[in-house]
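**Student:** Below: one structure in structure tokens.
Derivation of every value follows stated rules applied to the coordinates shown; laboratory data play no part. Since the structure is predicted, the reported quantities are computational estimates derived from the model, not experimental observations. Neighbour counts are summed over all protein chains in view; Cβ atoms, including those assigned to glycine, are modelled from backbone coordinates with ideal geometry.
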Amino acid sequence: MSKLTKATLSPDTQAMLDCLQLAVNKTLERKRRLGQYVVQWDGKEPFAIGEDAPEELKPVLSDSASSSEVPPS
């Protein structure tokens with residue numbers, strides 16, 4: 001197997017990447033403040049984060065993680 005190396009980006013490419021990352025971060029923060037869910041990709045399948053996320057897209061928690069959760073009051 002070949003080793004992956006981080007490519008050196010040109011200044012223009014780095015500026016575009018920085019701009020895209022900033023736009024995504026602002027959008028995710030806006031959706032969080034509005035109480036909207038977001039869909040992300042884990043490399044295998046999509047999953048949703050947020051209280052109003054569809055059940056079929058919510059990540060499955062392991063038994064140890066779900067037992068430590070505090071039930072809503």
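**Student:** Hey, with R₀ at 22 Å, roughly what FRET efficiency would L61 and Y37 work out to, going by the Cβ-Cβ distance, to 0.05?
**Tutor:** So, using R0 = 22 Å, E works out to roughly 0.85.
**Student:** Under a point spin-label approximation (7 Å from Cα along Cα-to-Cβ), what is the D12-E29 distance to one decimal in nm?
**Tutor:** Here the modelled spin labels are 2.9 nm apart.
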